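The values are calculated or read from the model by the stated rules, or taken from the named source; none is laboratory data. Owing to the predicted nature of the structure, the values given are computational and were not obtained by experimental measurement. FYI the Cβ positions are ideal-geometry reconstructions off the backbone, even for glycines, and counts take in every protein chain you see.
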Amino acid sequence: MTTPSFAEQSAWMQSMRPRTARIEFVFNNGDDQHSLLELLSHLQSVRTVGVGPGNGYYVRSRPDVVKRSYAYDRDIIRAIESLGCFFPDPESGEQWTGLGDVDVIFLDRRGAMLGATVTHEGMLLSPEEEEENTRYFRS
């Protein structure tokens, strides 16, 4: 599997824009002093500690992560792009972009996942891929 380029990551994100109602960020290492929060400080978010299974989280709960949920705003897309999108270019030798180890979930108005990232694996997930991975993890 090849890590998508910045342009591919941006195009993937842009393709979901018309249907996106909420964007959730799952901060795997906490959200203290995270640069994304500074970029989005003018937007309201709901902060939750811990996530249950589903919407890009697979079948296991993760009680220690921090989730921030935002109503869709174009500034969120701009902030993600300004941090280098989700995954660094493989040739860069960097482990993370400015976003760090943060998974991102795009949701429609019904709360159904449109797409999600698995940052530490460099994966972009569609709802179909999540279902496939969920079946794999249950077996």
Seminar exercise, completed: For ARG19, the lone unmet condition from (1) in contact with an Asp or Glu (Cβ under 6 Å, 6 or more places away or on another chain); (2) within 21 Å of HIS120 (Cβ to Cβ); (3) of a type outside the set (A, V, I, L, M, F, W, C) is (2)
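Among the listed residues GLY115, GLY111, identify the single one that is of a type outside the set (A, V, I, L, M), modelled with pLDDT of 90 or more, within 22 Å of PRO18 (Cα to Cα) and outside any strand (DSSP E or B).
Numbers: GLY115 fails: outside any strand (DSSP E or B).
Result: GLY111 is the single residue among GLY115, GLY111 that is of a type outside the set (A, V, I, L, M), modelled with pLDDT of 90 or more, within 22 Å of PRO18 (Cα to Cα) and outside any strand (DSSP E or B).
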Exercise. How many residues are at pLDDT below 55 and not charged (D, E, K, R) when one looks only at region 118-139?
Worked result: 5
Exercise. So which strands (runs of 3 or more DSSP E) stay within region 18-108 end to end and still have 3 or more residues that are in contact with a helix residue (DSSP H, G or I) (Cβ under 8 Å, 6 or more places away or on another chain) and either on the phi < 0 side of the Ramachandran plot or crowded, with 19+ Cβ neighbours inside 10 Å (or both)?
Worked result: 102-107
Problem set entry | Hits in region 81-108 - residues which are of a type in the set (Asp, Glu) and either at pLDDT below 95 or more than 16 Å from GLU8 (Cβ to Cβ) (or both) | ASP89, GLU91, GLU94, ASP101, ASP103, ASP108
Problem set entry | Per-region count, region 74-109, residues in contact (Cβ under 8 Å) with a residue 60 or more places away in the chain and basic (Lys, Arg) | 1
